[in-house]
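The values are calculated or read from the model by the stated rules, or taken from the named source; none is laboratory data. Model, not experiment: these values are computed from the prediction. We place every Cβ from the backbone using ideal geometry, glycine too, and count neighbours over all the protein chains shown. The accessibility values were calculated without ligands, DNA or RNA, using every heavy atom of the protein model including side chains. Shrake-Rupley method; radii C 1.70, N 1.55, O 1.52, S 1.80 Å.
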Amino acid sequence: MEYLFYAEQIYLPKEGIIQARVLTAQEAEALGYEDGYTAQKPDGKLYVDGFDSEAAARYHLECLTDCRIMN
């Protein structure tokens, strides 16, 4: 994997929020994610971004408007 941590973000348009979590490289790989991955899910749009540290991934998510970090 290219990064140590990944931020998984799902924009939920019905609720008007972003539901997010930080994943390890192993968790992201198991889900088939890589940096810049996007997909349309039944409940919203999925975005995945890679980061060198967990702190950097969390900071990214904390800067998003209406983002709920699940872990």
Task: Residues of region 23-60 that turn out to be touching a strand residue (DSSP E or B) at 6+ places or on another chain (Cβ under 7 Å) and farther than 19 Å from residue 1 by Cβ, as a count - done: 4
Task: Any hit, region 44-63, residues being on the phi < 0 side of the Ramachandran plot, more than 13 Å from the chain's Cα centre (by Cα) and at pLDDT below 95 - done: no
Open item on the list: Residue pairs, Cβ under 8 Å, 6 or more apart or interchain, first in region 41-57 and of a type in the set (D, E, K, R), second part of a strand (DSSP E or B) and open to solvent by 60 Å² or more (accessible area, probe 1.4 Å). List them.
Closed with: 45/11; 45/38
- [ ] Could you grab me the full set of residues in region 1-37 that are over 17 Å from residue 60 (Cα atoms) and among the hydroxyl-bearing types (Ser, Thr, Tyr)?
- [x] 33
